[in-house]
Amino acid sequence: CAKKAKPHKDDKKDLATCRVLLAELETHQDAWPFLKPVDLKAVPGYRKVIKKPMDFSTIREKLNNSQQNNELFLCTFIIDVNLVFDNCERFNEDDSEIGRAGHNMRRFFDKRWTELLQ
Ligand SMILES: Cn1cc(C(=O)NCCN2CCCC2)ccc1=O
C-alpha cells in the first residue's frame, strides 16, 4: 500500500486526512453495520468465519493512538478499512442488506481516498 499511495510530498497532513475520511465513513447512511464490532455472541458463525474482525470505531481508536512519526499509520489505516469491507463480503451475500451496504461503502471509500490521498 505504501507504493500505491503516491509518494506525495507533505504527508504530514495525512493523519488529519485519515480522520476526515473516517468521519465521512462513519456518517455515511450505509455505515450502520460497520460502526461497532460485530457482536460475536449475537451473530452465529461470525467468530469462526472471520479471523480478523474490524470496524470503524476500532479504526478510530487505532488512529487516535497512532503517531504521525510512525509513518506506517497510513498503510495501517487503508488495510484496516479494506478489512472491514473484505470481512463483509466474506460473511454476507452480495444480494443482502449488509452485503449491499458493504459494496456501497467500499465504492465511496475508494473514490474519497483517491481524491484525498493520491
Ligand atoms: C458487518 N456485519 C454486521 C452485522 C450486524 O448484525 N451488525 C449489527 C447491526 N445492528 C445495527 C444496530 C445495532 C447493531 C452482521 C454481519 C456483518 O458482517
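The values are calculated or read from the model by the stated rules, or taken from the named source; none is laboratory data. Note that the structure is a prediction, hence the values are computed from the model and not measured. Backbone-built Cβ (ideal geometry, glycine too); neighbour counts: all protein chains shown. The area values use the complete protein model at the heavy-atom level, side chains included, leaving out ligands, DNA and RNA. Shrake-Rupley method; radii C 1.70, N 1.55, O 1.52, S 1.80 Å.
See the values below:
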| read-out | value |
| --- | --- |
| Given (1) closer than 21 Å to residue 14 by Cβ; (2) surrounded by 15 or more Cβ atoms within 10 Å (Cβ to Cβ), index of the condition residue 69 fails | (2) |
| Residues (in a helix (DSSP H, G or I) and surrounded by fewer than 16 Cβ atoms within 10 Å (Cβ to Cβ)) located in segment 87-97 | 89, 90, 97 |
| The lone exception for residue 35 - which of (1) within 16 Å of the ligand (Cβ to nearest atom); (2) out of contact with any Asp or Glu (no Cβ under 8 Å at 6 or more places or on another chain) it fails | (2) |
| Residue ID - farthest from residue 99 (Cα to Cα), chosen from residues in segment 22-61 that are open to solvent by 70 Å² or more (accessible area, probe 1.4 Å) and not in a helix (DSSP H, G or I) | 41 |
| Residue ID - farthest from the ligand (Cβ to nearest atom), chosen from residues in segment 98-118 that are under 21 Å from residue 74 (Cα atoms) and open to solvent by 60 Å² or more (accessible area, probe 1.4 Å) | 118 |
